[in-house]
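No lab work stands behind these numbers, since they all come straight from the coordinates. All values derive from a computational prediction rather than experimental measurement. Cβ placement follows ideal geometry from the backbone for every residue including glycine, while neighbour counts extend to all protein chains displayed.
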Amino acid sequence: MHKYIIRYAKRGDAKFVSHLDFLRLIQRAMRRAELPLKFSEGFNPHPCLSFAQPLGVGVCGEKELFEVELTTACDDIAERLAPKMPRGIEIVEAVPCEKNNFAKISRGVYAVRPEVMPTEAQLSAFMEKTEILTEKKTKSGIKTADIRPDIFSAKLGEDRILFRLATGSTANLKPQTVMQALCEVTDGYDCGFCRYTRLCLTDENNNEI
Amino acid sequence: MFEKILSAVQKPTRYIGGEYGSVYKNPKDVKIRFCMCFPDLYEVGMSHLGMRILYHLKNTREDTFCERAFMPWDDMMEELEKNDMPLFALESRDPLCAFDMLGFSLQYEMSYTNVLEMLRLSRIPLKSADRGEAFPFICAGGSCALNPEPLADFIDFFLIGEGEELNMEVLDAYGEWKDSGKPKSAFLETVAGIEGVYVPSFYQPAYDGEKVLSITPVNPCAPAKVKKRIIENMDDCFFPETQIVPYGEIVHDRISLEMFRGCIRGCRFCQAGMIYRPVRERSPEKLLSLAKSLMESTGYEEISLLSLSTSDYTELPFFTEKLLDMTEEKKISLALPSLRIDNFSMELMQRIQKVRKTGLTFAPEAGTQRMRDVINKGITEEDVLNSARIAFGGGYKNIKLYFMIGLPFETMEDVAGIPLLAKKVVDTSFELPKVKGEKPVQITASVSSFVPKPHTPFQWEAQNTAEELREKQKVLCETVRSKRMTINYHESKLSVLEGVFARGDRRLGKVLEKAVELGCRFDGWSEHFDFEKWQEAFIACGVKMETYTRERDIDEFLPWEVIDCGVSKAFLKKEREKAEKGEVTPNCRAKCSGCGASSWKVGVCHA
């Protein structure tokens, strides 16, 4: 088995490509690169690809990852794949890997650049809350959820806020939800239009994957 | 700002461009900026092969940067207006009014309001006469351009027939004109001399009540009749070896490989079968080489063969054999639309699908033998039932049957024949031994309403009114019932309006303008189609729909006679007479019927 982990960045307009469309896009790019893809067994074979936690529509990603299985070893995957990508998707590197690395992903670091920045006091007041209730649309209707436990840290920069948020299969919080909550609970604050970037994915000890 | 707009709409990838295979150039490096405009959603427009061919073809030119624009959906249209932003091209995002030339693709009449709406969103005056020297040239082509008159007020010139050579000649002329500094009229006079170009402002129609008496040239540069262009040798003709691979799923999300143009069959209702004559094939060698390049360059997991009738490709067994060797190795699936169901095609399907058995589609078009002879469909009830037996025997459970109502010389007996035939198809499944636990068969009969089209033997016929169609739809439902079959039919009002514009004349221009003003757009989309608004537009303009749906005198001048599609009026008349008598005409390979297309001396006519 020849398994590789591929790191890539999703920037610019490519952030509007949904996860489902992105899956298809990568499959087609792998075919264009003529990599010796391993296909699944069965009547409808598809390439063996697995993706880390999906990026939401409208969110850029700096260090995103997916894994691919090939039938033979290949040391120029990144070189072959890079020119086969549409605008805005950059292949950073491809490294051989052993087991599945994505199970341990539990957090993501997000940079949010709002039109209007909150003050230090506003952000601290937000983080000092023990409970932040938000409404979440689910299949069975609107549910109220406490998002505070899913925000691990928040740091104010010059023109951006850095959030460390739950990102994984057990708990997942979108930065858009956080900004919406921040505006709702903070009197007189409206962030306006925000740009979102996921900087990296980490395990529960904040180690980058 | 653009980013904000995109964040507010449902499917932003419709508007961002940048897909793999899209072409980017520096606008400053080119002399000609062209925008291909498709008057429907991105997903529909990007599924149209003609648009893809011409996009890549024009971009092979060093002097030209060809971009794309589509009709924005409601949410995007609202955002554009709210943000005071004009409609833009996907690649450069420059407003359409900054281009040298816009080319609209006309594939169905119900997209005409979108043509006007796209101009309005681009802040370009709708009427050619109001555009003056500053605005881009607006041209249009596609199958609907074979009756250009309803859009004559809005389009500067039409490109009639196949576009590969014609577009290049027009761009050459544009480059020369741009250097000359002459007024726009000089360019129009030049292109009017190119075979296949129709400049409506150079022609004057004369009317007598409902009738059009003539359309005559009023400029010495304009020919009396504009002859359709064709590509003589398909192997030498440009076909893109790479294609754009969209982000989101589009309607036809696969490689489309065009096998041949034209159709040997000559069904009398079918416009495509008349206007794309003569039949010209690409060689299997050429197709295989194109397939290979396209599979490698696009990464698509599916390839589809495109033509009016796949089964009529002369070397189909050899070609599909070789193609399957290629697709199986690359794990690419092969789609074969419009395949006749016979033993060969079943073997083929078996090899293609191995296990997954989806539905099969079959088009008897009419319910009785008399009616099938009237329309020259060339198949018998036994053919239909045998195909069904083969399909059921091959394990297929779902069969979709296509029919039409409102055909000329149709009786209620013919209409009732549709559900009766569908029922007989159901019954053939009972001839097979019952297997326990097996799913029963399901037949769907999809019944559309016939619309008489220009350049066909039925171009003179009266179109059924919405009431007549509804009567017939009632008969469809009441004749025979079975749990194993479903009958679907279409909105009859939409068919009436489609018929009005299909056989329309220049006087419909003001109706179209009024309808757009009233908010009509995306008329082909049921959630948008608003017949009452259309009625209001017709009344406001003092134009009657009946003027256009009526039967035409056999000797009456028809507005599309200004276009010569290669098939003679004498042939169409003869075909109409044979239809009335229920006589069939053999296919082009069996015997030449002298339609006129042999004047090109190519393809099936040359063999």
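Only helices at least 20 Å long along their own axis, judged from Cα atoms, and with Kyte-Doolittle mean hydropathy of 1.0 or greater: name those in chain A from DSSP H. Write down the numbers at each step before the final one.
Numbers: long enough: none.
Helices passing the filter in chain A: none found.
D for chain A, whole µm²/s, Stokes-Einstein with Kirkwood Rh over alpha-carbon pairs at 25 °C and 0.890 mPa s: what number?
Answer from the Stokes-Einstein relation: 132 µm²/s.
Quick one: the Cα spread of chain B along its three principal axes, in angstroms, biggest first?
Each principal axis gives a Cα extent; for chain B these are 77, 60, 52 Å.
Rounded, prolate or oblate, given the Cα gyration tensor of the stretch B:155-283, with a/c below 1.5 counting as rounded?
Working: a/c = 2.05, a/b = 1.34, b/c = 1.53.
It comes out oblate by the Cα gyration axes.
To the nearest 10 degrees, how steep is helix B:316-330 against the longest Cα principal axis of chain B, on a 0 to 90 scale?
Result, in degrees: 80.
Over the Cα atoms of the stretch B:243-314, Rg to Rh with Kirkwood Rh, two decimal places?
Numbers: Rg = 14.1 Å, Rh = 13.6 Å.
We get a ratio of 1.04 for the stretch B:243-314.
Normalized C-alpha radius of gyration of the stretch A:104-202, against 2.2 N^0.38 Å? It would help to have the intermediate numbers written out before the result.
Details: Rg = 13.1 Å, N = 99, 2.2 N^0.38 = 12.6 Å.
Ratio of Rg to 2.2 N^0.38 Å for the stretch A:104-202: 1.04.
Using square roots of five times the C-alpha gyration tensor eigenvalues, list the equivalent-ellipsoid semi-axes of the stretch A:107-161 in whole Å, biggest first.
Taking √(5λ) for each Cα gyration eigenvalue gives 24, 13, 11 Å.
Assuming 0.36 nm per residue, please report the length gained on full extension of the stretch B:ARG351 to B:THR216 beyond their Cα-Cα distance. It would help to have the intermediate numbers written out before the result.
Values: separation 135, 0.36 × 135 = 48.60 nm, distance 5.65 nm.
Value of the extension gain: 42.9 nm.
Hey, which of these cross-link pairs are over 30 Å Cα-Cα: A:LYS99/A:LYS137; B:LYS286/B:LYS591; B:LYS228/B:LYS331?
Numbers: A:LYS99/A:LYS137 35 Å; B:LYS286/B:LYS591 27 Å; B:LYS228/B:LYS331 41 Å.
As for pairs spanning more than 30 Å Cα to Cα, those are A:LYS99/A:LYS137; B:LYS228/B:LYS331.
Taking each pair of different alpha-carbon atoms in the protein assembly as shown once, compute 1/r for the pair, average those values, and report the inverse of that mean as the Kirkwood hydrodynamic radius in Å to one decimal.
Values: mean 1/r = 0.0337 Å⁻¹.
Value: 29.7 Å, from the Cα pair sum.
Put a dot 7 Å past each Cα toward the Cβ at B:GLU3 and B:LYS227; how far apart are the dots in nm?
5.7
To the nearest 10 degrees, how steep is helix B:381-393 against the longest Cα principal axis of chain B, on a 0 to 90 scale?
Helix B:381-393 sits at roughly 80 degrees to that axis.
Ratio of alpha-carbon Rg to the 2.2 N^0.38 Å globular estimate for the stretch B:472-596, to two decimals, please. Walk me through the intermediate numbers first.
Numbers: Rg = 19.4 Å, N = 125, 2.2 N^0.38 = 13.8 Å.
Rg over 2.2 N^0.38 Å, computed on Cα atoms: 1.41.
Where a Cα-Cα gap under 15 Å defines reach, which aspartates and glutamates qualify for B:LYS28, not counting those fewer than 8 residues away within the same chain?
Qualifying aspartates and glutamates at Cα under 15 Å: B:GLU62, B:ASP63, B:GLU67, B:GLU91, B:ASP94, B:ASP100.
Looking at the stretch A:111-149, which GluC sites (Glu not before Pro) are DSSP coil and have at most 12 other C-beta atoms within 10 Å of their C-beta? Don't skip to the answer; put the middle values down first.
Numbers: sites: A:GLU115, A:GLU120, A:GLU128, A:GLU131, A:GLU135; in loops: A:GLU115, A:GLU131.
Here the sparse-neighbourhood loop sites are A:GLU115, A:GLU131.
At a Cα cut-off below 18 Å, give the aspartates and glutamates reachable from B:LYS225, other chains included and same-chain residues fewer than 8 away excluded.
In chain and number order, the partners are B:GLU149, B:ASP156, B:GLU162, B:GLU189, B:GLU195, B:ASP505, B:ASP555, B:GLU556, B:GLU561, B:ASP564.
Please go through the stretch A:44-115 and write out the trypsin sites (Lys or Arg not before Pro) that DSSP classes as loop and that have at most 13 other C-beta atoms within 10 Å. Walk me through the intermediate numbers first.
Numbers: sites: A:LYS63, A:ARG80, A:LYS84, A:ARG87, A:LYS99, A:LYS104, A:ARG107; in loops: A:ARG87, A:LYS99, A:LYS104.
Sites meeting the loop and neighbour criteria: A:LYS99.
In the stretch B:36-91, which GluC sites (Glu not before Pro) are in a loop and have at most 12 other Cβ atoms within 10 Å, using DSSP for the loop call? Walk me through the intermediate numbers first.
Details: sites: B:GLU43, B:GLU62, B:GLU67, B:GLU78, B:GLU79, B:GLU81, B:GLU91; in loops: B:GLU62, B:GLU91.
Answer by residue number: B:GLU62.
Only four residue types carry charge here, +1 at the Cβ of Lys and Arg and -1 at the Cβ of Asp and Glu. Report the dipole size of the stretch B:332-490 about the Cα centre in Debye, rounded to the nearest 20.
My answer is approximately 1000 debye.
Work out the length of the dipole vector of the protein assembly as shown about its Cα centre, built from +1 on the beta-carbon of each Lys and Arg and -1 on the beta-carbon of each Asp and Glu, and round it to the nearest 20 debye. Kindly include the intermediate steps, with their values, before the conclusion.
Numbers: 110 positive and 121 negative charges, 341 e Å.
Approximately 1640 debye in magnitude.
Longer than 18 Å from Cα to Cα, which of B:LYS211/B:LYS514; B:LYS544/B:LYS573; A:LYS143/A:LYS174; B:LYS397/B:LYS424; A:LYS136/B:LYS82 are they? Say none if no pair is.
On the way: B:LYS211/B:LYS514 22 Å; B:LYS544/B:LYS573 27 Å; A:LYS143/A:LYS174 16 Å; B:LYS397/B:LYS424 15 Å; A:LYS136/B:LYS82 29 Å.
Table pairs above 18 Å Cα-Cα are B:LYS211/B:LYS514; B:LYS544/B:LYS573; A:LYS136/B:LYS82.
Could you grab the Rg to Rh ratio for the stretch A:2-100? Cα atoms only, Kirkwood for Rh.
Numbers: Rg = 12.9 Å, Rh = 13.7 Å.
Ratio of gyration radius to Kirkwood radius for the stretch A:2-100: 0.94.
Per 0.36 nm of contour for each residue apart, how much would the distance between B:ARG389 and B:SER185 grow if the chain were fully extended, relative to their Cα-Cα spacing?
Values: separation 204, 0.36 × 204 = 73.44 nm, distance 6.22 nm.
67.2 nm is the gain from fully extending B:ARG389 to B:SER185.
Treat every Asp and Glu Cβ in the stretch A:2-100 as -1 and every Lys and Arg Cβ as +1, leave all other atoms uncharged, and give the resulting dipole magnitude about the Cα centre to the nearest 20 debye. Before the final figure, lay out the partial values.
Details: 15 positive and 14 negative charges, 62 e Å.
Dipole magnitude for the stretch A:2-100 comes out near 300 debye.
Along the charge dipole of the protein assembly as shown, which of A:SER50, B:LEU126, A:LEU182 sits closest to the positive end, that is, farthest toward it, with unit charges on the beta carbon of Lys, Arg, Asp and Glu (+1, +1, -1, -1)?
Among A:SER50, B:LEU126, A:LEU182, the one farthest towards the positive end of the dipole of the protein assembly as shown is A:SER50.
Would you calculate a helix-derived [θ] at 222 nm for chain A, using -39,500 (n - 2.57) for each DSSP H run of n ≥ 4 and dividing by the full residue count, to the nearest 500? Working shown, then result.
Details: 4 runs with 39 residues, N = 209.
The per-residue figure over chain A is -5500 deg cm²/dmol.
Among A:ARG24, A:ARG11, A:ARG164, which one shows the biggest mean-square fluctuation in a GNM of chain A, springs joining Cα atoms closer than 10 Å?
A:ARG24
Around B:ARG470, with a cut-off of 15 angstrom between Cβ atoms, what is the net charge of the other residues, counting Lys and Arg +1 and Asp and Glu -1? Could you put the intermediate results ahead of the total?
On the way: positive: B:LYS472, B:LYS474, B:LYS493; negative: B:GLU410, B:GLU467, B:GLU468, B:GLU471, B:GLU478, B:GLU491.
Net charge around B:ARG470: -3.
Restricting to Cα pairs below 8 Å that are 6+ residues apart, what does the relative contact order work out to for chain A? Please round to a whole percent. Let's see the in-between values first.
Details: 394 pairs, mean separation 54.9, N = 209.
Reported as a whole number, the value is 26 percent.
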